[in-house]
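The values are calculated or read from the model by the stated rules, or taken from the named source; none is laboratory data. Everything numeric here is computed off the predicted structure, so don't read it as measured data. Glycine also receives a Cβ, built like all others from the backbone with ideal geometry; neighbour counts cover every protein chain displayed.
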Ligand code: P53
């Protein structure tokens, strides 16, 4: 099976996980710069500013800031048609609330996008990928404040205007729906720059922050459409489908509410309005949200052009005894084991068929082009003495998922714009801060403590993916 000629094969990274150079050329601190490294199953700590004696893996990343010309050359060698990365907000507005952008930061992305175009690689750019300026957290509490909505729109307008002739494909907020898991400090902090205080209702704070984000997203879409009709602005969700644990009707209703709770974000970004169930739920729970009529009008004017999503794994849920009438979903406590799918070393369920399900589910609901902007497996790689990496497990994961995507394209008739696996090259893991949780086609010599030459080596999967691209997905 093949994919269409114009299909965007590529790979993805995010600025904060790769660039390093965390205080170079006027860059301010971002939320990623105050997170320490963790192990396979514990959480990164969020420190109060940068503390001496702590290790912050994002500060150096893989030094993509300085080594990007060689890296992009390697991406071109694989045959990438596109390359997904993000713009670090704190390079452009170091504190986040300035009027004027930092020209040195803007110049860096000019050079980066020019380098891509040298090889006819189309940049796909995320505006906010877990890296809000830290000052916006300390000063305003992140997206719990309407002020930060304005700061984000100001940033987005500056970069979309600057790069409109270099970047056609944009995404607003990366995995905006991770914060469905509002009891996990990591998700609220990375999505929204929000930290929960004693006695606060985290769920209510999440709905407020996410509301300001969907309004910001709509404003940015409207702005971009008016600026330049060539631009395509997408939303981006983490698509982990939630299956019912059994055929009990209660489990089905619970799973349905879990899906509604995870995907209302894209419902709003695509439809331009809130789903009715959510406004009823928010009212019944007395969340007291600042959602104005003017906001609702803005949502209608900023519907996205396409939907980008990450796909790593599927979830499962079951109703509890004495479930409330809302089947209220709390991701931290409501997920159950799925005995039909295996798990990665980090406990992520490996479920290729879930990708075909995801594509069908979104196609049925949204009727928009879909873009698989992340898919991959974090694994321990071994560099041999002759500098090879035999990552057959990675090839298998990607092959199995691409097969399902091709079935969705060819047998289900779904419009899939492209596929950018996570990650183009080894980078710092978002959730653990490890480098040993590797995703790339290119091995980077660096360990979890920050030691290593930072040299790059092609893995077996590099050559495999090169073949996949050159045969348009025929040779898996
Ligand atoms: P890491 C949770 C669930 C699914 C995807 O993740 C997630 C997360 C948050 O960690 O994040 C995305 O590095 C994210 C990337 C991230 C990648 O998946 O935690 O968009 O920034 O690196 C893989 O193993």
Item to check | Answer from 279, 257 - the residue that is over 17 Å from the mean Cα position of the chain (by Cα) and surrounded by fewer than 16 Cβ atoms within 10 Å (Cβ to Cβ) | outcome: 279
Item to check | Which listed residue is more than 16 Å from the ligand (Cβ to nearest atom), out of contact with any helix residue (DSSP H, G or I) (no Cβ under 7 Å at 6 or more places or on another chain) and farther than 19 Å from residue 218 by Cα, from 306, 281, 312, 327 | outcome: 281
Item to check | Options 237, 167, 194: the member that is within 16 Å of the ligand (Cβ to nearest atom) and in a loop (DSSP other than H, G, I, E, B) | outcome: 194
Checklist entry - In segment 173-197, which residue that is touching a strand residue (DSSP E or B) at 6+ places or on another chain (Cβ under 6 Å) and over 20 Å from residue 278 (Cα atoms) is surrounded by the most Cβ atoms within 10 Å (Cβ to Cβ)? => result 173
Checklist entry - Is it true that some residue in segment 395-414 is exposed (fewer than 15 other Cβ atoms within 10 Å of the Cβ), within 13 Å of the ligand (Cβ to nearest atom) and either assigned to a loop (DSSP other than H, G, I, E, B) or modelled with pLDDT under 95 (or both)? => result no
Checklist entry - Among all residue pairs at least 6 apart or on different chains, which show Cβ distances below 7 Å where the first residue, located in segment 325-346, is under 23 Å from residue 381 (Cα atoms) and the second is modelled with pLDDT under 95 and loosely packed, with under 13 Cβ neighbours inside 10 Å? => result none
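Give the residues of segment 363-394 that are assigned to a helix (DSSP H, G or I), within 16 Å of the ligand (Cβ to nearest atom) and either at pLDDT below 95 or buried (at least 19 other Cβ atoms within 10 Å of the Cβ) (or both), sorted by residue number.
Scanning segment 363-394 gives a single hit, 394.
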Item to check | Looking only at segment 198-209, and only at residues there that are free of Cβ contacts under 8 Å to residues at least 60 places away in the same chain and not in a loop (DSSP other than H, G, I, E, B), the one that is farthest from residue 275 (Cα to Cα) | outcome: 202
Next on the checklist: Tell me yes or no: at least one residue of segment 358-367 is under 20 Å from residue 465 (Cα atoms) and in contact with a strand residue (DSSP E or B) (Cβ under 9 Å, 6 or more places away or on another chain).
Outcome noted: no
Item to check | Breaking point among (1) closer than 22 Å to residue 170 by Cα; (2) free of Cβ contacts under 8 Å to residues at least 24 places away in the same chain, for residue 45 | outcome: (1)
Checklist entry - Would it be correct to say that residue 450 is part of a loop (DSSP other than H, G, I, E, B), more than 11 Å from the ligand (Cβ to nearest atom) and touching a helix residue (DSSP H, G or I) at 6+ places or on another chain (Cβ under 7 Å)? => result yes
Checklist entry - Given (1) modelled with pLDDT of 95 or more; (2) outside any helix (DSSP H, G or I), where does residue 43 come up short, assuming only one miss? => result (1)
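Tell me, yes or no, whether segment 119-126 has at least one residue that is assigned to a helix (DSSP H, G or I) and over 23 Å from residue 307 (Cα atoms).
no
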Checklist entry - Just for segment 170-191: of the residues that are more than 11 Å from the ligand (Cβ to nearest atom) and either out of contact with any helix residue (DSSP H, G or I) (no Cβ under 9 Å at 6 or more places or on another chain) or assigned to a loop (DSSP other than H, G, I, E, B) (or both), which one is nearest to residue 47 (Cα to Cα)? => result 185
Item to check | segment 416-446: number of residues that are within 16 Å of the ligand (Cβ to nearest atom), part of a loop (DSSP other than H, G, I, E, B) and either free of Cβ contacts under 8 Å to residues at least 40 places away in the same chain or farther than 24 Å from residue 4 by Cβ (or both) | outcome: 17
